[in-house]
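Working notes for the structure below.
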Amino acid sequence: MDCNKAFSSNYLILKKEEVKFFDLISILFSSDLGKRKFIESAEAIEESFERRLLIFISIVTQKMLQFFSTPLLLIGSLIQIVLNLLNLNGNSILRLFLNLLTGKLKIPNKTSEEFISFIGNLDMRKDLDKNINRGDARYEAALCMMASKAAYENQAYVKNIVNDYWKMEFLGFYDFWNDYEDKMTTQAFIFRDKTEENETIIVAFKGTETFNADSWCSDFDVTWYELQNIGRIHGGFMKALGLQKSIGWPKEEPEQVNQKAPLAYYRIREILRELLSKNEKAKFVVTGHSLGGALAILFPAVLAIHDEKILLEKLSGVYTFGQPRVGDGDFAKYMENKLRENEILYYRFVYCNDMIARVPFDDSALMFKHFGTCVYFDRHYQSKVVEEEPNKNYFSPVGGMGMMINALMELMRSLTINYSKGEEYKEGMLMKIFRLIGIVIPGLPSHCPQDYVNATRLGSPNAFLPISTLPPHDLQDYVNQTQLESPKAFFPISTADSQNTYRLCFRVNHYSI
């Protein structure tokens, strides 16, 4: 069934399943996209060569991912089995063979709490940082990053880590339907962080799986839908969150005859309504890494579209890590206004040369824009609050050599970080191999959870503090080096003691805090 696009005032849809070779090639030589059968638009469009090239790259990449999806999945499964075999059998090949010979070999079970994904094997830490307690400005961000990392794992693993390691309450693990892919492509889990004074519900979306072609297709799909008075939003991420083919974004989810699982947005909204109704003081936050970060910030966007005032009032923060861009400039302005109106904190964390945080491009061809407070960390985990991360579109002949040198320094750091920062920061062989690959493909290892966990633990707490709490000398530096765009940069943020303080939503040029 074709999508009923009445919910959208304008759109550009790439139908990769209908593309023919010669039709695809011709897009590079003809500016009239309206003649292409695999492209659907609300109006006849004459596009520049730069935009047509990006559409060409998007479709070719998705077709290749689809073609290799099965072998990619098999290779990924094999690698995970081997890694877990080693983990369960002493983490050495010698011990593995000894267990095999003595009949003590432990076989991995993909549904057990001991099974760790490929992403999890890059960073096997389970415990929260004991030096970051409730009340610490870094606490919520550090917790959200660990939750975003855990979201890559199976249900048994997540339940175990939440209940037994973090001493919090696991509430549920969910698989969600993608109406466009006709399969389940989206996962999330929910847990509760509760004390006598406060209760916070955390929703953590799963990010892009390394060997999952469907997840990567969502990242590379440059389809967009324009919503009237809102802006253009990335189609691949909307589909993963719960956009419906037949009716788009209705306020209430209709019954779907062919739907085999709930849609992410509607099911999570229903769960939150129920949980938050039991405690009027309870709040919730949304988080995710990579694709999960895109879904995390789009979730409140759809809440705003549906005018879900009660849930928006109870949403205290959105924390994303290595998040790709999700919309254009108009959408960015819409979201900044909604976040300000509802006093919602939105922190977008970017580590060093992370390539995913720099796509889709913010240029004349695609015009995707980041928004919110960007907390940027360099190789030394020094934080800066910036308007946009350096080298915002990643690909730069001038910056390429610098990124390679930086990747080499990251490899050197991986060999010694446990001596300078402690044993909990020690990197395994798999992560070191990724660091080595990063010299050839800079920005790839920078996207891994390892550095984001390190950043939230080692970064300066000042990046998360209200302006009024900064020491006088730091505050003066803030004022001197900050460029305010308008008085609206100041907006109230509710604090734990229910009194209003003020946080500065600022633009600052490479100022370390």
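In the range 269-288, what count of residues is obtained for those that are crowded, with 20+ Cβ neighbours inside 10 Å and in contact with a Lys or Arg (Cβ under 7 Å, 6 or more places away or on another chain)? Final tally of qualifying residues: 2. Quick check, is Glu388 open to solvent by 10 Å² or more (accessible area, probe 1.4 Å), under 27 Å from Asp451 (Cα atoms) and either assigned to a strand (DSSP E or B) or among the charged types (D, E, K, R) (or both)? For Glu388, the condition - open to solvent by 10 Å² or more (accessible area, probe 1.4 Å), under 27 Å from Asp451 (Cα atoms) and either assigned to a strand (DSSP E or B) or among the charged types (D, E, K, R) (or both) - is met. Number of residues in the range 81-120 that are open to solvent by 40 Å² or more (accessible area, probe 1.4 Å), in contact (Cβ under 8 Å) with a residue 24 or more places away in the chain and part of a helix (DSSP H, G or I) equals 2. The single condition among (1) open to solvent by 20 Å² or more (accessible area, probe 1.4 Å); (2) of a type outside the set (Phe, Trp, Tyr); (3) assigned to a strand (DSSP E or B) that Glu336 does not meet is (3). Does Glu424 count as touching a helix residue (DSSP H, G or I) at 6+ places or on another chain (Cβ under 9 Å), in contact (Cβ under 8 Å) with a residue 24 or more places away in the chain, among the charged types (D, E, K, R) and part of a helix (DSSP H, G or I)? Yes.
For the range 413-441, a residue qualifies if it is open to solvent by less than 10 Å² (accessible area, probe 1.4 Å) and modelled with pLDDT under 95, and exactly one does: Gly438. Residues in the range 364-383 that are more than 22 Å from Ala301 (Cβ to Cβ), touching a residue at least 60 places away in the same chain (Cβ under 8 Å) and not in a strand (DSSP E or B): Ser364, Ala365, Tyr381, Gln382. When Val350, Val302 are checked against the criterion of being out of contact with any His (no Cβ under 7 Å at 6 or more places or on another chain), among the aliphatic types (A, V, I, L, M) and not in a helix (DSSP H, G or I), a single residue qualifies: Val350.
Checked against (1) modelled with pLDDT under 95; (2) part of a helix (DSSP H, G or I); (3) among the charged types (D, E, K, R); (4) within 25 Å of Arg269 (Cβ to Cβ), Glu181 meets all criteria but (2). When you scan the range 349-359, do you find a residue that is β-branched (Val, Ile, Thr), out of contact with any Asp or Glu (no Cβ under 9 Å at 6 or more places or on another chain), open to solvent by 10 Å² or more (accessible area, probe 1.4 Å) and touching a residue at least 60 places away in the same chain (Cβ under 8 Å), even just one? Checked against the condition, which is being β-branched (Val, Ile, Thr), out of contact with any Asp or Glu (no Cβ under 9 Å at 6 or more places or on another chain), open to solvent by 10 Å² or more (accessible area, probe 1.4 Å) and touching a residue at least 60 places away in the same chain (Cβ under 8 Å), the range 349-359 yields no hits at all. On the stretch given as the range 184-223, residues that are in contact with a strand residue (DSSP E or B) (Cβ under 6 Å, 6 or more places away or on another chain), at pLDDT 85 or above and open to solvent by 20 Å² or more (accessible area, probe 1.4 Å) total 6.
The values are calculated or read from the model by the stated rules, or taken from the named source; none is laboratory data. Worth saying up front: this structure is predicted, and the values here are computed from it rather than measured. In this analysis, Cβ positions are derived from the backbone assuming ideal geometry, glycine residues included, and neighbour counts consider all displayed protein chains. For the accessible areas, the whole protein counts, side chains as well, though only heavy atoms, and no ligand, DNA or RNA atoms are used. Shrake-Rupley method; radii C 1.70, N 1.55, O 1.52, S 1.80 Å.
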